[in-house]
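See below for the structure under consideration.
The values are calculated or read from the model by the stated rules, or taken from the named source; none is laboratory data. Note that the structure is a prediction, hence the values are computed from the model and not measured. So basically every Cβ, Gly included, is an ideal-geometry build from the backbone, and we count neighbours across all protein chains shown.
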């Protein structure tokens, strides 16, 4: 049951991402991307990472995408008649490199080996103990990084006199 | 593990190549370019979470959380820069922002 659910969610994620990329209207692209991130959050939950799934929904689908929407509205970019899609010449290298990645993927799948393992189930408690025990320094560094990002955004966003 | 790890990796690689294609193709709109970076970072998170589920270690989830924190910092800075550049040049075309010097 969960296996089928994974494949269904994977298809939803990929299709929503393709729509998001090909959409020329930025607002529609962002809404498609929110759909994709919700499906990805469900996949994270299936992969026994409930906390990461919650953060994916709260931070990615909630905060980051709404920030994108705000910028689109501030800059007044939501006019589909002015937007233009990149031409065929621009898509060509993208499609070519994507083909290379997918081909190497097929090669990897054809030579895979090793028996499947059944690891112990992961709990949120293990996650929290590892996060604040072994990776406590990383938490401090991340908080410093967020502080620097706030200072940088304030510096870039201030109004200049001239 | 509900699905074999290679299938998770296949999904992550498809998402990553879609993100790469988005970054390469949309040079005419900085916001779509940033969306492509988001998609690629999500694919990386999927690899971390899949690995942590495969080997029963939570370290992968910790790193996924680090990626989320890093992305929120990166997006706030990048969007502030987009607003700043749009205020100067009145455009979001990435090809227009090719000079360091002021006019």
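So that you can scan it fast, the table gives a plain yes or no per residue for (1) modelled with pLDDT under 80; (2) more than 8 Å from chain B (Cβ to nearest Cβ):
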site	(1), (2)
A:85	yes, yes
A:102	no, no
A:120	yes, no
A:125	no, yes
A:142	no, no
A:146	no, no
A:152	no, no
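In the set (1) surrounded by fewer than 24 Cβ atoms within 10 Å (Cβ to Cβ); (2) more than 7 Å from chain B (Cβ to nearest Cβ); (3) closer than 14 Å to residue B:46 by Cα, the condition left unmet by residue A:46 is number (2). Residue A:25 meets each of the listed conditions (1) at pLDDT below 90; (2) within 9 Å of chain B (Cβ to nearest Cβ); (3) surrounded by fewer than 19 Cβ atoms within 10 Å (Cβ to Cβ) apart from (2).
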